[in-house]
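This report refers to the structure that appears directly beneath it.
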Amino acid sequence: MEEHSLGPLVPAVVKPEPSKRHSTDTTTTTAVAGDTFPINTMSELDKDFLCPICMQIIKDAFLTACGHSFCYMCIITHLRNKSDCPCCGHYLTNSNLFPNFLLDKLLKKTSDRQISKTASPVEHFRQAIQKGCEVTMKELDTLLSLLSEKKRKMEQEEAERNMQILLDFLHCLRKQKVDELKEVQTDLQFIKEDIGAVEKHRMDLYRARDRYSVKLRMLDDSGGRKSLYSSMDKNSSGLASSPLNLRGGLSSGSHTKKNDGKSQISSHGIGIQRRDAISGSDSQYINQSGLALVRKKRVHTQFNDLQECYLQKRRQAADKPHGQQERDTNLISREGYSGGLDDFQSVLTTFTRYSRLRVIAEIRHGDIFHSANIVSSIEFDRDDDLFATAGVSRRIKVFDFSAVVNEPTDAHCPVVEMTTRSKLSCLSWNKYAKNQIASSDYEGIVTVWDVATRKSLMEYEEHEKRAWSVDFSRTDPSMLVSGSDDCKVKVWCTNQEASVLNIDMKANICCVKYNPGSGNYIAVGSADHHIHYYDLRNISRPVHVFSGHKKAVSYVKFLSNDELASASTDSTLRLWDVKQNIPVRTFRGHANEKNFVGLTVSSEYIACGSETNEVFVYHKEISKPLTWHRFGSPDMDDGEDEAGSYFISAVCWKSDRPTILTANSQGTIKVLVLAA
């Protein structure tokens, strides 16, 4: 690095010899005390003015008996230690020192000349006045008037400069505010258009609802009349066939009154049913109104983030090429929405739909008396029928999800259990072969298992240190990738016994993940605080290095082919666009400074654990948490101190459903579902 930095400086310092000779041979002269000396002679004279001891201009010059001049303090100090001349070595004492008045005069003249060369005209004038230069009153008046005029001119120039600076600032401020005004006017126009579109669509919905209500009333009324007429027909037929009716008289009349009473009762019953139906619809309307109020409250809570999201999507839609805008308009022309408004409505709907996490099942992963219960990884299989857990207990346990949710017990037994030689750090199901699952462990071994036979299919032992992460490719079921503390990323094929690709990096590898849309791209999270995005067809250098985290990157997960989420021990999550290679958003709210707390993503939501023993859920468009759930400590009666010593260690979404598997360092596994 030093050689490289010093290289460009050499030509600037070294000068060619001809120019030196030219400057030496020059005849330019300068005047010194009335005489003319060549420039090279002056430099030699300057060297003679230096004290041989301190190598500075001589002060208070003293001459020795041998003819050398020194500063008085320099030669006196020297003679305290030695009794010789510093220049020639002759014997010398204090009695052989004499003041050199001539040299002092020369030094004073030289100093005055240097001062006069560098002094301003004002300084010369001041020195002349101090030396007693005679000046007449007229000359002084002239000088004063000149000075006054010069002062006014300088003040005028200074005022003009200040005014120009102020004017430049005001112009810049006006331009900025005009740009902001144009932006606000554009935003207001967007809002006005969207309000009109939403109002129109809402009126269409109201009209459709009214039409459905009228149809329902008509069907209800016709059904009520039919039931009434059928009951009346039955009553009249009963009267005609009754023997009491044939006899006539009072009994017939009394029976008729009874039937009238029955008909009144039946009609009254129909009225009650109708009122019940109306009251039921009213209660349903009240519930819907309460839910709408709750959702409005969520909107106001995160209003600033939602506002930013709306404007960003609306502006992006407006900046699209005209042809693409037409295609987007054709897709949603039936609603009359712009593309940006439609996108934002989707965000608003998914964001306000849920407000809490509800526990629907809970199980214990290990022995409650055993301390090694940390669940390091929890993953669903291809069809979301089974989920597997692994951790420091050296066991892979596979559970039936439906049994865990539907059977009311917390002591569920795994349907498959496989024992390993070392503590496990990560699991990854094969998305094509349902029975295949890969694991990485603390000894650096990557193993591919057959869940059906409970045996290992392949074991890869090339990593020299603990392997933190393993992942199957979604596009090629035979390929998987792993990362380790040995600073190496290795790509494996289930048909080969050795790695097919090796990437050497400079820091520990904490996580690896295939891009779900391509088997050629992987994201690598490292202890160097960066995410390295590689094309496996050219591993000489990464396609891009994403920077922003302040500590090690513990997890990377793809929301889509272009969206990548990352977690770090700097207590943040970050969202990246791997297509445009830009950061999108930073999420804050959870606490994570030293442990692996898990990360999982769906198309809209991101979930992670926290060292406060809580699970946090974020919407990908909003930087603050959507909701969170705190794990209790059943063995400690939910004690605050004891619960605070645990942390969430693994999380996993159930595909794109609002169900999430969570586990903590105590070995507790909870099935949570997003609820309104």
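The values are calculated or read from the model by the stated rules, or taken from the named source; none is laboratory data. In this text, all values refer to a predicted model and were calculated from it rather than measured experimentally. Ideal geometry is used to build each Cβ from the backbone, glycine not excepted, and the neighbour counts take in all protein chains shown. The accessibility values were calculated without ligands, DNA or RNA, using every heavy atom of the protein model including side chains. Shrake-Rupley method; radii C 1.70, N 1.55, O 1.52, S 1.80 Å.
Tabulated data
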| item | result |
| --- | --- |
| Within the stretch 103-125, tally of residues that are of a type in the set (A, V, I, L, M, F, W, C), open to solvent by 50 Å² or more (accessible area, probe 1.4 Å) and closer than 21 Å to residue 50 by Cα | 2 |
| Given (1) open to solvent by less than 60 Å² (accessible area, probe 1.4 Å); (2) at pLDDT 95 or above; (3) more than 19 Å from residue 623 (Cβ to Cβ), index of the condition residue 539 fails | (2) |
| First in the stretch 470-497 and crowded, with 20+ Cβ neighbours inside 10 Å, second anywhere and among the β-branched types (Val, Ile, Thr) and in a loop (DSSP other than H, G, I, E, B), Cβ under 6 Å, 6 or more apart | 491/500 |
| Residue 516 being in a loop (DSSP other than H, G, I, E, B) and closer than 23 Å to residue 378 by Cα | yes |
| Unmet requirement for residue 525, which otherwise passes all of (1) open to solvent by 10 Å² or more (accessible area, probe 1.4 Å); (2) touching a strand residue (DSSP E or B) at 6+ places or on another chain (Cβ under 7 Å) | (1) |
| Long-range neighbours under 6 Å by Cβ, at least six apart or interchain, first residue farther than 11 Å from residue 338 by Cβ within the stretch 187-214, second among the aliphatic types (A, V, I, L, M) and open to solvent by less than 90 Å² (accessible area, probe 1.4 Å) | 187/311 |
| Residues located in the stretch 519-560, provided they are over 20 Å from residue 596 (Cβ atoms), among the β-branched types (Val, Ile, Thr) and part of a strand (DSSP E or B) | 545 |
| Test: residue in the stretch 308-331 that is surrounded by fewer than 14 Cβ atoms within 10 Å (Cβ to Cβ), outside any helix (DSSP H, G or I) and at pLDDT 85 or above | no |
| Whichever residue in the stretch 405-432 is modelled with pLDDT of 90 or more and aliphatic (A, V, I, L, M) and, among such residues, is surrounded by the fewest Cβ atoms within 10 Å (Cβ to Cβ) | 415 |
| Subset of the stretch 561-596 [open to solvent by 20 Å² or more (accessible area, probe 1.4 Å), out of contact with any His (no Cβ under 9 Å at 6 or more places or on another chain) and either among the acidic types (Asp, Glu) or in a loop (DSSP other than H, G, I, E, B) (or both)] | 561, 562, 563, 577, 579, 580, 589, 591, 593, 594, 595, 596 |
| Number of positions in the stretch 501-513 that are basic (Lys, Arg) and not in a loop (DSSP other than H, G, I, E, B) | 1 |
| Hits in the stretch 386-404 (condition: buried (at least 19 other Cβ atoms within 10 Å of the Cβ) and small (Gly, Ala, Ser)) | 388, 390, 391, 393 |
| Residue tally, condition at pLDDT below 60 and either part of a strand (DSSP E or B) or buried (at least 19 other Cβ atoms within 10 Å of the Cβ) (or both), over the stretch 623-656 | 2 |
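One line per residue, one yes/no per condition, for (1) outside any helix (DSSP H, G or I); (2) surrounded by 10 or more Cβ atoms within 10 Å (Cβ to Cβ); (3) over 42 Å from the mean Cα position of the chain (by Cα); (4) at pLDDT below 95:
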{"site": "138", "(1), (2), (3), (4)": "no, no, yes, yes"}
{"site": "146", "(1), (2), (3), (4)": "no, yes, yes, yes"}
{"site": "149", "(1), (2), (3), (4)": "no, yes, yes, yes"}
{"site": "153", "(1), (2), (3), (4)": "no, yes, yes, yes"}
{"site": "185", "(1), (2), (3), (4)": "no, yes, no, yes"}
{"site": "189", "(1), (2), (3), (4)": "no, yes, no, yes"}
{"site": "192", "(1), (2), (3), (4)": "no, yes, no, yes"}
{"site": "196", "(1), (2), (3), (4)": "no, yes, no, yes"}
